[in-house]
Amino acid sequence: MIRIFLTGYMGAGKTTLGKAFARKLNIPFVDLDWYMEERFHKTVGELFSERGEAGFRELERSMLHEVGAFENVIISTGGGAPCFFDNMEFMNQNGITVFLDVDPEVLFRRLRIAKQQRPILQGKEDSELKDFIVQALEKRAPFYSQAQFIFCGDELEDRWQIEKSVDKLRELLNL
Ligand SMILES: Nc1ncnc2c1ncn2[C@@H]1O[C@H](COP(=O)(O)OP(=O)(O)OP(=O)(O)O)[C@@H](O)[C@H]1O
Ligand SMILES: O=C(O)C1=C[C@@H](O)[C@@H](O)[C@H](O)C1
Ligand SMILES: [Mg+2]
């Protein structure tokens with residue numbers, strides 16, 4: 001039975017790599033953010049603004065437990081999920097955990113063009129976004145570093161790079 005949790009900061013490529021990896025292994029892919037959006041018929045942004053971050057995190061935790069019971073699945077978590085409650089411990093006990101490690105400069109490049117969909121980044125000027133990412137990575141490092149595997153997600157810009165990363169991840173996990 002395969003159950004893999006992909007973690008990492010926003011824009012690390014959890015959804016991109018997770019989808020491609022699941023296709024390769026021919027098993028379902030579940031994105032925790034999408035799962036919550038479907039379950040509640042609301043966007044992550046709406047859930048955030050209606051419940052506040054604390055309410056969102058509670059919901060995220062219970063949804064993580066729900067998808068964490070699925071078998072033969074690749075799960076990409078929200079960027080913050082590993083950093084609240086005992087979520088990291090839960091994932092380590094229930095599956096294989098991978099931290100997608102991406103250079104802050106690369107994250108900045110990706111996120112500056114896609115920040116509107118992410119409530120935590122909304123309204124930030126490019127000049128403050130870079131520092132915000134660096135500081136957030138420092139704060140979150142103690143959680144992300146508890147993953148069993150660390151994988152470089154710098155190269156996910158086109159189909160060819162994604163395919164190459166999928167093969168490397170497969171090798172790393174011995175699958
Ligand atoms: N070719 C590309 N050039 C630049 N940016 C890209 C390209 N392809 C994807 N991106 C961006 O890179 C980011 C990585 O994608 P992805 O959505 O998989 O990250 P994620 O880890 O799932 O983030 P989140 O935690 O916010 O869901 C996205 O913001 C996407 O818009
Ligand atoms: O890094 C975060 O805290 C977040 C990441 C996204 O995946 C979403 O779960 C939400 O926007 C919060
Ligand atoms: Mg995602």
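The values are calculated or read from the model by the stated rules, or taken from the named source; none is laboratory data. Keep in mind that this is a model prediction, so the values were computed, not measured. With ideal geometry, Cβ positions are generated from the backbone for all residues, glycine too; neighbour counts draw on all protein chains shown. For the accessible areas, the whole protein counts, side chains as well, though only heavy atoms, and no ligand, DNA or RNA atoms are used. Shrake-Rupley method; radii C 1.70, N 1.55, O 1.52, S 1.80 Å.
Go through segment 33-52 and report how many residues are acidic (Asp, Glu) and either at positive phi or in contact (Cβ under 8 Å) with a residue 12 or more places away in the chain (or both). Before the answer, list the steps.
So in segment 33-52, the residues acidic (Asp, Glu) come out as 33, 37-38, 46, 50.
Then keep just the ones that are either at positive phi or in contact (Cβ under 8 Å) with a residue 12 or more places away in the chain (or both); that gives 33.
Of the residues in that region, 1 qualify.
State yes or no: is LEU47 closer than 22 Å to PHE99 by Cβ, more than 16 Å from the chain's Cα centre (by Cα) and either surrounded by 15 or more Cβ atoms within 10 Å (Cβ to Cβ) or within 16 Å of ligand 2 (Cβ to nearest atom) (or both)?
On the way: closer than 22 Å to PHE99 by Cβ: no; more than 16 Å from the chain's Cα centre (by Cα): yes; either surrounded by 15 or more Cβ atoms within 10 Å (Cβ to Cβ) or within 16 Å of ligand 2 (Cβ to nearest atom) (or both): yes.
So LEU47 does not fit the description; no.
Quick test for you: out of VAL44, VAL30, pick the one residue that is near ligand 1 (Cβ under 9 Å from one of its atoms) and of a type in the set (A, V, I, L, M). Walk me through how you get there before you give the answer.
Values: VAL30 fails: near ligand 1 (Cβ under 9 Å from one of its atoms).
That would be VAL44, the only listed residue that is near ligand 1 (Cβ under 9 Å from one of its atoms) and of a type in the set (A, V, I, L, M).
For segment 5-39, name all the residues that are within 15 Å of ligand 3 (Cβ to nearest atom) and among the β-branched types (Val, Ile, Thr).
Step one: of segment 5-39, the residues within 15 Å of ligand 3 (Cβ to nearest atom) are 5-22, 29-38.
Listed by number, the residues that qualify are THR7, THR15, THR16, VAL30.
For segment 98-117, name all the residues that are within 16 Å of ligand 3 (Cβ to nearest atom) and either touching a Phe, Trp or Tyr at 6+ places or on another chain (Cβ under 9 Å) or open to solvent by less than 50 Å² (accessible area, probe 1.4 Å) (or both). Break it down into steps so the answer makes sense when it comes.
Keep residues of segment 98-117 that are within 16 Å of ligand 3 (Cβ to nearest atom), which gives 98-102, 106-107, 110-111, 113-117.
Residues satisfying the conditions are VAL98, PHE99, LEU100, ASP101, VAL102, VAL106, LEU107, ARG110, LEU111, ALA114, LYS115.
Within segment 25-48, how many residues turn out to be in contact with a helix residue (DSSP H, G or I) (Cβ under 9 Å, 6 or more places away or on another chain) and in a helix (DSSP H, G or I)?
Qualifying residue count for the region: 13.
Residues ILE75, ILE162, ILE133, ILE96: which one is closer than 30 Å to ARG39 by Cα, touching a Pro at 6+ places or on another chain (Cβ under 6 Å) and at pLDDT 95 or above? Break it down stepwise before answering.
Numbers: ILE75 fails: touching a Pro at 6+ places or on another chain (Cβ under 6 Å); ILE162 fails: touching a Pro at 6+ places or on another chain (Cβ under 6 Å); ILE96 fails: touching a Pro at 6+ places or on another chain (Cβ under 6 Å).
Being closer than 30 Å to ARG39 by Cα, touching a Pro at 6+ places or on another chain (Cβ under 6 Å) and at pLDDT 95 or above holds for just one of ILE75, ILE162, ILE133, ILE96, which is ILE133.
For segment 1-14, which positions are under 22 Å from PRO142 (Cα atoms), open to solvent by 10 Å² or more (accessible area, probe 1.4 Å) and β-branched (Val, Ile, Thr)?
Matches in segment 1-14: none.
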